[in-house]
Amino acid sequence: MVVCDVERFLAESIESILNQTFTEFDFVIVDYGSTDSSKGIIKHYAKQDPRIRLYEIPQCGLGEARNVACSLARGRYIALMDADDVAVPERLQLEFDFMEKNPKVGIVGGSVQWINGAGQALYLGCVPMHDKEIRTALTLHNPFWQPTVLLRTEAFVRSGGYRDAFAPSEDYDLWLRVVEHFQCANLEEVVLRYRMHPQQVSLRKKKQQTLGMLAAQRSAIIRKTGKADPFNSCGAITAKLLVEYGVDEATQEKALVSEYRAWIRHMVLAGETSAALNAGLEVLRTNWTHVEAWQVADLYLTIAGLHWARGEFFESLRSAIYALQTRPEVLGRPLRPWLKKVGLIHTESS
């Protein structure tokens, strides 16, 4: 676990690891520059449980911090954990048993139960389970929840570890390199309660995460051709760099809007309507060039629903009108659920 200013959920996350049914592990926690009470919380638990090994390093990038933590592993496996999530008690046992029975698998993850900031269950996040379908998914998106992952230490070392320039998509980039040498799998069982909250990923970080995702995909494609990976020496992933290596501006913009829309939907499901609304408005204020009309109309509809939920009926109506102006066809299908919700059409007429 790497930690930097995550005091709100840290204790619950640490306890979920200490209370695992599988008990034979070292719990390496690397703090990389916390200024809140995070280090005090860790030290409190370290006094109670000798399995915790706390290391403090200067503030650095997320990928660099993860590399430090993983380099301190002394066992055959490295289990990854985030400081705001909650592992189910059987997580490590389930993953350990699976890896012991499947020596060709280098990485295993599992399904998650999404929760909000208060710990209330939202919905299940299922994942592809078998090597072939995971490899197909990897070409498009990240099919592993990082805090569910158990890696063979050999796989981590052979793949070269995290590349800090790809953060906060450094995990996706690593998985793409691991599966070049090892098989992969996900467990059907829920092994983690994955927390959604506004502080988790800002829109600024979401942009960098999306650029990192596109770079990881392009990097993997280049390696498959037998060429040297040009991203090995880059200091940062930028939009300009992606264009240089074959990811045009239109592809970048469409991916960004798609990821923003997904994050906004997650905030809605988590009950964080203010965060979702502010994010939606910020996205619409951006000067997009290549975004498709249906994506903009969908955002306006989402904002209309959020305004309605807050009792801001005039703003809701205005956003719905903008959606129609942007894409008149929106009335044919996407607008119907919203119209039903506000009582303007009835189920029998749909």
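The values are calculated or read from the model by the stated rules, or taken from the named source; none is laboratory data. Since this is a predicted model, take the numbers as computed values, not measurements. Neighbour counts run over all protein chains shown; Cβ positions are idealised from the backbone, glycine included.
Looking at T153, T148 in this structure, which one is of a type in the set (S, T, N, Q) and surrounded by 21 or more Cβ atoms within 10 Å (Cβ to Cβ)?
Being of a type in the set (S, T, N, Q) and surrounded by 21 or more Cβ atoms within 10 Å (Cβ to Cβ) holds for just one of T153, T148, which is T148.
If you check E56, E90, E64, E95, which single one turns out to be surrounded by fewer than 15 Cβ atoms within 10 Å (Cβ to Cβ) and either assigned by TED's automatic domain parsing to the domain that holds E180 or more than 23 Å from L176 (Cα to Cα) (or both)?
E56
Might you check whether a residue that is more than 23 Å from T23 (Cβ to Cβ), surrounded by 20 or more Cβ atoms within 10 Å (Cβ to Cβ) and either without any contact (Cβ under 8 Å) to a residue 60 or more places away in the chain or in contact with a Lys or Arg (Cβ under 8 Å, 6 or more places away or on another chain) (or both) occurs anywhere in segment 116-135?
So far as segment 116-135 goes, yes, one or more of its residues are more than 23 Å from T23 (Cβ to Cβ), surrounded by 20 or more Cβ atoms within 10 Å (Cβ to Cβ) and either without any contact (Cβ under 8 Å) to a residue 60 or more places away in the chain or in contact with a Lys or Arg (Cβ under 8 Å, 6 or more places away or on another chain) (or both).
Matching residues to (1) out of contact with any Leu (no Cβ under 6 Å at 6 or more places or on another chain); (2) not hydroxyl-bearing (S, T, Y):
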{"residue": "A262", "(1), (2)": "yes, yes"}
{"residue": "H266", "(1), (2)": "yes, yes"}
{"residue": "T286", "(1), (2)": "yes, no"}
{"residue": "A293", "(1), (2)": "yes, yes"}
{"residue": "D298", "(1), (2)": "yes, yes"}
{"residue": "L306", "(1), (2)": "no, yes"}
{"residue": "G311", "(1), (2)": "yes, yes"}
{"residue": "L317", "(1), (2)": "yes, yes"}
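Can you work out which of the residues in segment 19-53 that are of a type in the set (D, E) and assigned to a loop (DSSP other than H, G, I, E, B) is nearest to the chain's Cα centre (by Cα)?
Filtering segment 19-53 for residues that are of a type in the set (D, E) and assigned to a loop (DSSP other than H, G, I, E, B), the one nearest to the chain's Cα centre (by Cα) comes out as D36.
Return yes when Y300 is in contact with a Lys or Arg (Cβ under 6 Å, 6 or more places away or on another chain) and over 18 Å from H141 (Cα atoms) and no when it is not.
No.
Report those strands (runs of 3 or more DSSP E) wholly inside segment 57-144 carrying at least 3 residues which are hydrophobic (A, V, I, L, M, F, W, C) and out of contact with any Ser or Thr (no Cβ under 9 Å at 6 or more places or on another chain).
Where strands (runs of 3 or more DSSP E) fall fully within segment 57-144 and carry at least 3 residues being hydrophobic (A, V, I, L, M, F, W, C) and out of contact with any Ser or Thr (no Cβ under 9 Å at 6 or more places or on another chain), they are 105-115.
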